[in-house]
Amino acid sequence: MKLTVVGCSGSFPSTESACSSYLVEADGFRLLLDMGNGALGELQRHCGLYDLDAIALSHLHADHCIDMCGYFVARYYRHDGGRCAPIPVHGPPGTEQRLTTAYADTPSESSMSEVFTFHSLAPRGGFEAGPFRVGTELVDHPVEAYAFRVEHVPSGKVLTYSGDTGPCPALELAARDADLFLCEASFTDGKEQIPGLHLNGREAGETAARAGVSRLVLTHVPPWTDAQINLRDAKAVFDGPVELARPGAVHEL
């Protein structure tokens, strides 16, 4: 099971990174978690444009889903080989309508569904994707948002991706005993105090410690946040390995 960080910037792209997007691969199957601003271009460094097998969108804020509009163009209007067959897209209810509205000029109201097969996420739910079993937990964010617990069934290895969330029991449940916890750390401890929105580095570390994860990778750090402070704060409360997500970084599980 391999995780490649396609993009990890929070809220908007930085000079170094696209927004949230993570490629998970095993047994020849490719699952993409989120496709935020700039991610489609970066994805092509790691995967052929038409080689994805499934996509999961944690929530419908632009920095996690907006490049799906560009991906629609690539799949719908492909000249060589004709239009692509539909690919499964798992997202919150209303994902098709959100993307259609964002694109603003699809040939018809159902054009998105001609290249994407939409499936709605649900709290305490899940879905199968190739060799992966993906559990979904509703987390604490202003819009309907999910953490993903991705288990590679043959090996039992688990990757948990927080999506965007404030501290909540559901996130700890999703991360329980994960081999790798890819967790957002948008805020700075003692600076931003907005409930139900994001985690800071200390809160990410505390969640990792309570959940008993093996490794913690901090992601979704906005360009205006000092990532080194969040890394320091996470290390102060979590004894396991901690690092910052970097675009292009590969993590083997």
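Can you tell me which of G163, G240, G196 is without any contact (Cβ under 8 Å) to a residue 60 or more places away in the chain, in a loop (DSSP other than H, G, I, E, B), within 24 Å of L121 (Cβ to Cβ) and open to solvent by less than 40 Å² (accessible area, probe 1.4 Å)?
On the way: G163 fails: without any contact (Cβ under 8 Å) to a residue 60 or more places away in the chain; G240 fails: within 24 Å of L121 (Cβ to Cβ).
After applying the criteria, what remains is G196.
Assess whether Y76 counts as being of a type in the set (S, T, Y) and under 14 Å from L32 (Cβ atoms). No: the conditions fail for Y76. Residues that are hydroxyl-bearing (S, T, Y), at pLDDT 95 or above and within 25 Å of I194 (Cα to Cα) occur in the stretch 122-142; there is at least one. Counting the residues of the stretch 96-147 that are more than 19 Å from A54 (Cα to Cα), of a type in the set (V, I, T) and touching a strand residue (DSSP E or B) at 6+ places or on another chain (Cβ under 8 Å) gives 1.
Close Cβ contacts (under 9 Å, 6 or more residues apart or on different chains) running from residues in the stretch 18-31 that are farther than 19 Å from E184 by Cα to residues that are in a strand (DSSP E or B) and open to solvent by 10 Å² or more (accessible area, probe 1.4 Å) comprise E25/K2; A26/K2; A26/H152; A26/K157; D27/H152; L31/E25. In the set (1) among the aliphatic types (A, V, I, L, M); (2) within 13 Å of the chain's Cα centre (by Cα); (3) modelled with pLDDT under 95, the condition left unmet by A85 is number (2). Considering the stretch 37-55, and only residues there that are under 14 Å from the mean Cα position of the chain (by Cα) and not small (G, A, S), the residue that is most open to solvent (accessible area, probe 1.4 Å) turns out to be N37.
Sort out which residues of the stretch 214-236 are in a helix (DSSP H, G or I) and farther than 16 Å from A175 by Cα, and write them in order of number. Spell out the reasoning first.
Filtering the stretch 214-236 for residues in a helix (DSSP H, G or I) gives 227-236.
Residues satisfying the conditions are A227, Q228, I229, N230, L231, R232, D233, K235, A236.
Is it the case that D80 is within 23 Å of V158 (Cα to Cα) and open to solvent by 30 Å² or more (accessible area, probe 1.4 Å)? No, not satisfied. Of all residues assigned to the stretch 176-186, none qualifies as being more than 16 Å from the chain's Cα centre (by Cα), modelled with pLDDT of 95 or more and hydroxyl-bearing (S, T, Y). Only a single item in (1) free of Cβ contacts under 8 Å to residues at least 40 places away in the same chain; (2) within 17 Å of R30 (Cα to Cα); (3) surrounded by 20 or more Cβ atoms within 10 Å (Cβ to Cβ); (4) not β-branched (V, I, T) is not met by F132, and it is number (1).
The values are calculated or read from the model by the stated rules, or taken from the named source; none is laboratory data. This one's a predicted model, so the numbers in the text were calculated from it and none came from an experiment. Cβ: placed from backbone, ideal geometry, glycine included. Neighbour counts: every protein chain shown. What goes into the accessible areas is simple: the full protein's heavy atoms, side chains included, and nothing from ligands, DNA or RNA. Shrake-Rupley method; radii C 1.70, N 1.55, O 1.52, S 1.80 Å.
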